[in-house]
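Everything on this sheet refers to the single structure shown next.
What follows is calculated from the coordinates using simple rules that are stated; it is not laboratory data. This is a predicted model, so every value here is computed, not measured. Every residue, glycine among them, receives a Cβ derived from its backbone with ideal geometry; neighbour counts consider all protein chains shown.
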Amino acid sequence: MGIHGELRAVFLDRDGVIIRAIVREGRPFAPGDEEGLELLPGVATALDRLRSAGFRLVVVTNQPDVARGTLRPDVLERMHEQLRFRLPIDDIRTCPHDDGDGCACRKPKPGLLEAAARAAGISLRDSFMVGDRWRDVEAGRRAGCTTVFVDYGYNERRPVDPDAVVGSLAEAASWILSTQEQGGHEID
C-alpha cells in the first residue's frame, strides 16, 4: 500500500520495456503477431521483484496498428493472453487508436493510467511509469506518477525530465525498489 492507503503500481509500456521492439532506422515498432513476442532479458525476474515488493503490474500500451487496419484485435488479444500466461501481470490496458482519433487513452494522454487506477484503487502519486519513449514518460508525468525512461537511443524525440534514466526494465526495477528503501515512497 502507498502512503495514502491505496495500492501502488508500476505501469509498464509493452514494446521496448517487456518485449523486444522491432527497430528500423533507429525507430521502434511493435511486433505484428504472437510469433514476434520476445521477452527482453531479465523481464520476468524484474516483474517478480516488483510484485514481491507489493506493486500491482499494469501494462499500458498504444497499439495504433489496430486503427490502421494492420493488426486485428483478436491477434492483439492472443498476444496479450500469452503475456498474461508468461508474466505476473495484473492488467493490460490498450489504446487501439491513432493520433488523429482524439481519444483520451492514447499516450501521452494519461487516460490508460487513470482508468486502471480508478478500476483497482491505485494511487497514481505512489506509482511509477516505465517506458522507452517520450509518450510514456509524458503520460506518467500527466498522471502524477514517478517516471522511468528506458533509453535505447532511438532516433526520435526524447522525453523531458524523466525521474530516472535506465538501460532496461531490470535496472528500472532496481531503481524503483531503491527509492522505496530510501523512503521516496513509504512501504507498508
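For region 126-188, state which trypsin sites (Lys or Arg not before Pro) are in a DSSP loop and have at most 12 other beta carbons lying within 10 Å of their beta carbon. Can you show the working numbers first?
Numbers: sites: Arg133, Arg135, Arg141, Arg142, Arg157; in loops: Arg133, Arg157.
Sparse-neighbourhood loop trypsin sites (Lys or Arg not before Pro): Arg157.
Can you give me the orientation-averaged projected area of the convex hull built on the Cα atoms of the chain, in nm²? Don't jump to the answer; show the numbers that get you there.
Working: hull surface 39.5 nm².
Computing the convex hull of the Cα atoms and averaging its projections yields 9.9 nm².
For each cysteine in the chain, check whether another cysteine's C-beta sits under 4.7 Å from its C-beta; list those where none does.
So, Cys103, Cys145.
What spacing in nm lies between the two simple spin-label points modelled at Arg68 and Glu35, each 7 Å away from Cα in the Cβ direction?
The modelled label-to-label distance comes out at 2.0 nm.
Take the chain, connect every pair of alpha-carbon atoms lying under 10 Å apart with a spring to form a Gaussian network, then pick out the residue of Val137, Val43, Val59 with the largest mean-square fluctuation.
The residue with the greatest mean-square fluctuation here is Val43.
Roughly speaking, what is the stretch gain from Arg118 to Arg49, that is 0.36 nm per residue apart minus the C-alpha to C-alpha distance, in nm to one decimal? Write down the numbers at each step before the final one.
Details: separation 69, 0.36 × 69 = 24.84 nm, distance 2.44 nm.
Additional length available on full extension: 22.4 nm.
Sorting Met79, Met129 on the 10 Å Cβ count, fewest up front, what's the list?
Details: Met79 23, Met129 31.
By the 10 Å Cβ count, ascending: Met79, Met129.
Take the alpha-carbon centre of region 25-92, take the same for region 102-178, and report the distance between them in whole Å.
One Cα centre to the other: 15 Å.
Arrange Phe29, Phe128, Phe11 by Cβ neighbour counts within 10 Å, fewest through most, would you?
Working: Phe29 13, Phe128 25, Phe11 33.
Arranged by neighbour count, lowest to highest, Phe29, Phe128, Phe11 become Phe29, Phe128, Phe11.
Going by how many other beta carbons lie within 10 Å of each one, how would you line up Ile176, Ile19, fewest first?
Working: Ile176 26, Ile19 23.
Least crowded to most crowded, the residues run Ile19, Ile176.
Under a GNM of the chain (C-alpha, springs under 10 Å), which listed residue has the highest mean-square fluctuation: Ser178, Ser168, Ser127?
Judging by the Gaussian network model, the answer is Ser178.
Determine how many Å³ per residue the convex hull of the Cα atoms of region 77-168 encloses.
Working: hull volume 11.4 nm³, N = 92.
Measuring per residue, one finds 124 Å³ for the Cα hull of region 77-168.
Provide the percentage of antiparallel DSSP beta bridges, counting only those with both residues in the chain; round to the nearest 5.
On the way: 4 of 25 bridges.
The answer is about 15 percent antiparallel.
Okay, helix-only estimate at 222 nm for the chain: each DSSP H run of n ≥ 4 adds -39500 (n - 2.57), divide by all residues, round to 500 deg cm²/dmol; what do you get? Present the calculation step by step, with values, prior to reporting the outcome.
On the way: 5 runs with 57 residues, N = 188.
Computed ellipticity for the chain at 222 nm equals -9500 deg cm²/dmol.
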